[in-house]
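The values are calculated or read from the model by the stated rules, or taken from the named source; none is laboratory data. Everything quoted here is computed from the prediction, not taken from an experiment. Note that each Cβ is placed from the backbone with ideal geometry, even for glycine, and that neighbours are counted across all protein chains shown.
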Amino acid sequence: MTVAAEYGGTRPGAGSDPEKLLEPVLSAFWDEPESWTLETYRRHQGYEGMRKALAMAPDDVIAYVKDSGLRGRGGAGFPTGMKWQFIPQGDGKPHYLVVNADESEPGTCKDIPLLFANPHALIEGIVIACHAIRSNHAFIYLRGEVVPVLRRLHEAVREAYAAGFLGKDILGSGLDLDVVVHAGAGAYICGEETALLDSLEGRRGQPRLRPPFPAVAGLYACPTVVNNVESIASVPAILNKGKEWFRSMGSEKSPGFTLYSLSGHVANPGQYEAPLGITLRQLLDMSGGMRPGHRLKFWTPGGSSTPMFTDEHLDVPLDYEAVGAAGSMLGTKALQCFDETTCVVRAVTRWTEFYAHESCGKCTPCREGTYWLVQLLRDIEAGKGRAADLDKINDIADNINGKSFCALGDGAASPIFSSLTYFREEYEQHLAGRGCPFDPAKSTLWADNDAHLGVNA
Amino acid sequence: MNDVQLGMPQLPAPDYPADVRARLEADAREVIARYPGSRSALLPLLHLVQAEEGHVTRTGIRFCAEMLDLTTAEVTAVSTFYSMYRRRAGGDYQVGVCTNTLCAVMGGDAIFDELKRHLGVENGETTEDGAVTLEHIECNAACDFAPVVMVNWEFFDNQTPESATRLVDDLLAGRTVEPTRGAPLCTYKETSRILAGFPDARPGAVEATGGAGPASLVGLRLAKGETAPGRSADHVVAPRTTADGPAEALEGEPPSGRPDTQAPSGHPSSHDAPQETSASDDQHPAGPIAEEGE
């Protein structure tokens, strides 16, 4: 393909044929008129994985999911089956499953469309997981700011109860299970699993000291599994189609399929479900590349908390190991792409304002550090910064990273470090009264409309 | 301005009228029964009192405290932590413009500036007729539909300053407004009731706007052998920067954007502006109390 050649060479054997590279599983029938209904879901083998799981002993389900190699899709990539295995058995305490649907990481937009189009994949996964960890009560902690998704979840839970997939003695298995859909109230920090638990207990969402880990003392101090939406929603397909099928995708350490979310200055932003290990180059090749007439400048592999990449990293396989080895993290696979019209200082300043706003205030490095980063970055962006300020923001970020109470602080440091690594010159262009050399109007969605009308007319 | 009062403590908040109280208590008991621990119902109950009054009042805080056997200080501490709980009266329609990095860059800043100018309000303020409260919001998990505007937490995707202006004009005129993804708009209070855990009972609300949005389907369509919509013949796909500098095409780029939609150079953001302090808990004052040493 001529398109591929424009990148400056392709990897051997790596084409850009979307029919071969993509693997829609969770998204396979999102284009059906009523994709969210139980009826549609069952037409696509919905709740078949649950039937198989309920016929297995709970420990066997845990072992099966562990053998599949499924890793957490919420950012950290912890093996899902191992998380389940940590739940002590026969301890006489209630066990809880809490689904983290607080998707708020900047750039991340996979769980919300998944729940809007196919909520039953999550409900079925919940039944399987609760059978495995011997839980009778599950909670879906959905961020509050997505009412259309809340409606579909309310309806999916209602349908599942009516069909006997939730409630007492599910399909005669003896499993009793209640699911509560819980709407949050606006706080990024509640995506952190222990802050989420505090919030679900009706408190300010502030992270807890670990240990004890939630598997031992989670919700109401009882053994609790906290899993991301996509992790749990991936489980039914594994049970239904088999762990070998799952392992046939991706790599040894990063097996399976996942949702990649392409956004920003690309020709076709959206959801692309593919085996782990696809590259951004492949995704851009198949989807029409960057918007016409522009080139990639910087991008995030998994949300703003993962160190940014540049066009040097177009061929990094997007799996846990390769992205880590390249100096970032796979995170949520939120591929935010920015072209050459975007000021990196502006982007980092805005992300930092976000972290300062969302810092819960519990620990000093994050609360104070993010505040001062914002002050310095605003000055730098406005041309009021000095050369020493660049070392200063690096130093402050260093005092947040690894020294804050939870990962929000580490996330706040990531864009600072990575942007200084790749774009220090651009920071310097802002200093000493020079200000921002970019025109924000050129970055907008509509920036090129007039120009292209002129060309084509 | 912040209505911080030092000195004399306030009298306890008045209770709801008896009929309102009875109705809310029935709702509250239904919510509390869903949880193994009653305090877990606090976030839903705060949504519930917003559904009654449009914001979290001292009366609402007192109600939550009494239902859950908490102090009003404990409830206030929680309600002020979360950005979705309003601390003062707002409009029937909460218009939130995403100005987190990606949406801001894609045009969210320009949209927010245009709406502030058009409505004559600043961040967090309400139009005089009480119809629209404007605010900027953080990333709302719809980056593939950027720039995004939320009204009462329904999605308005791929907005421009012009489309967003039409949107608020429709809201001000009382016309029925339908989102890109979500149900026809109901009021802020009605939305809060859904958030409290009471499903939207309006016919067609769940089905409204169909399945996945267009961007959600791009990958699926490609996998089925269909062509991506945004693909055009003249695009340039991310050429690497060569030793000669950036690709040629960038230099001769014609001027773009409309003068009136350009974001200001400073990108002011009120992220760290001080928030109003909550009303203090009259029953548990933090100030000096005359017990010890008297």
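Take the residues in segment A:346-383 that are aliphatic (A, V, I, L, M), within 11 Å of another protein chain (Cβ to nearest Cβ) and surrounded by fewer than 24 Cβ atoms within 10 Å (Cβ to Cβ), then tell me which one is nearest to A:L209 (Cα to Cα). Residue satisfying both the conditions and the ranking: A:A356. Considered as a group, the residues in segment A:129-161 that are of a type in the set (V, I, T) and farther than 22 Å from B:P184 by Cβ include one that is nearest to the chain's Cα centre (by Cα), and that residue is A:I140. Whether any residue in segment B:183-197 is within 7 Å of another protein chain (Cβ to nearest Cβ) and modelled with pLDDT under 95 is what I want to check. Scanning segment B:183-197, I find no residue that is within 7 Å of another protein chain (Cβ to nearest Cβ) and modelled with pLDDT under 95, so the answer is no. As for segment A:181-188, it holds at least one residue that is touching a residue at least 24 places away in the same chain (Cβ under 8 Å), in the same structural domain as A:S104 (by TED's automatic domain parsing) and farther than 16 Å from B:N140 by Cβ. Among the residues of segment B:198-208, those identified as facing another protein chain (nearest Cβ under 7 Å) and either within 30 Å of A:Q282 (Cα to Cα) or touching a residue at least 12 places away in the same chain (Cβ under 8 Å) (or both) are B:D200, B:A205, B:V206. Scanning segment B:137-178 for residues that are farther than 17 Å from B:T99 by Cα and surrounded by 18 or more Cβ atoms within 10 Å (Cβ to Cβ) yields B:L167, B:V168, B:L171, B:V177. The one condition from (1) over 23 Å from A:D60 (Cβ atoms); (2) among the charged types (D, E, K, R); (3) in contact with a helix residue (DSSP H, G or I) (Cβ under 8 Å, 6 or more places away or on another chain) that A:R247 does not meet is (1). Evaluate the following for B:G107: is it crowded, with 19+ Cβ neighbours inside 10 Å, at positive phi and at pLDDT 95 or above? So B:G107 passes the test.
Which condition number does B:P44 fail, the rest of (1) surrounded by fewer than 19 Cβ atoms within 10 Å (Cβ to Cβ); (2) in contact (Cβ under 8 Å) with a residue 40 or more places away in the chain being met? Going through (1) surrounded by fewer than 19 Cβ atoms within 10 Å (Cβ to Cβ); (2) in contact (Cβ under 8 Å) with a residue 40 or more places away in the chain one by one, B:P44 breaks only (1). So, in segment A:206-230, exactly how many residues are surrounded by fewer than 24 Cβ atoms within 10 Å (Cβ to Cβ) and among the polar types (S, T, N, Q)? Summing the residues that are surrounded by fewer than 24 Cβ atoms within 10 Å (Cβ to Cβ) and among the polar types (S, T, N, Q) in segment A:206-230 gives 1.
When the criteria are applied in full, B:A77 meets the requirement of being over 15 Å from the mean Cα position of the chain (by Cα) and either surrounded by fewer than 24 Cβ atoms within 10 Å (Cβ to Cβ) or facing another protein chain (nearest Cβ under 8 Å) (or both). Applying the set (1) more than 30 Å from B:L42 (Cβ to Cβ); (2) at pLDDT 95 or above; (3) within 14 Å of another protein chain (Cβ to nearest Cβ) to B:G211 leaves exactly one unmet item: (2). For segment A:243-254, give me each residue that is crowded, with 21+ Cβ neighbours inside 10 Å and outside any helix (DSSP H, G or I). Correct list: A:G250, A:S254. Candidates B:Y85, B:Y35: the one that is touching a Ser or Thr at 6+ places or on another chain (Cβ under 7 Å) and closer than 27 Å to A:I140 by Cα is B:Y85.
Listed by position, the helices (runs of 4 or more DSSP H) enclosed by segment A:319-409 that each have at least 2 residues that are more than 21 Å from A:S261 (Cα to Cα) and under 25 Å from the mean Cα position of the chain (by Cα) are A:344-358, A:364-381, A:387-400. Applying the condition of being among the hydrophobic types (A, V, I, L, M, F, W, C), over 21 Å from A:Y422 (Cβ atoms) and within 11 Å of another protein chain (Cβ to nearest Cβ) to segment A:275-315 and asking which residue is surrounded by the fewest Cβ atoms within 10 Å (Cβ to Cβ) yields A:I278. Would you mind stating whether A:L431 is in contact (Cβ under 8 Å) with a residue 12 or more places away in the chain, out of contact with any Pro (no Cβ under 6 Å at 6 or more places or on another chain), surrounded by 18 or more Cβ atoms within 10 Å (Cβ to Cβ) and more than 14 Å from chain B (Cβ to nearest Cβ)? Yes, satisfied. Could you list, in sequence order, the residues of segment B:17-55 that are closer than 21 Å to B:D92 by Cα and more than 10 Å from chain A (Cβ to nearest Cβ)? Listed by number, the residues that qualify are B:V20, B:L24, B:L48, B:V49, B:A51, B:E52, B:E53, B:G54, B:H55. For segment A:29-43, a residue qualifies if it is within 13 Å of chain B (Cβ to nearest Cβ) and either touching a helix residue (DSSP H, G or I) at 6+ places or on another chain (Cβ under 6 Å) or surrounded by fewer than 18 Cβ atoms within 10 Å (Cβ to Cβ) (or both), and the qualifying residues are A:W30, A:D31, A:E32, A:P33, A:E34, A:S35, A:W36, A:L38, A:E39, A:Y41.
With respect to A:M286, is the statement that it is out of contact with any Pro (no Cβ under 8 Å at 6 or more places or on another chain) and either in the same structural domain as A:A101 (by TED's automatic domain parsing) or within 30 Å of A:V344 (Cβ to Cβ) (or both) true? No; evaluated as a whole, the condition is false for this residue.
This table checks each residue for (1) in contact (Cβ under 8 Å) with a residue 60 or more places away in the chain; (2) within 19 Å of the chain's Cα centre (by Cα); (3) surrounded by fewer than 23 Cβ atoms within 10 Å (Cβ to Cβ).
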position	(1), (2), (3)
A:N118	yes, yes, no
A:V127	yes, no, no
A:K168	no, no, yes
A:A195	yes, yes, no
A:S199	no, no, no
A:R204	yes, no, yes
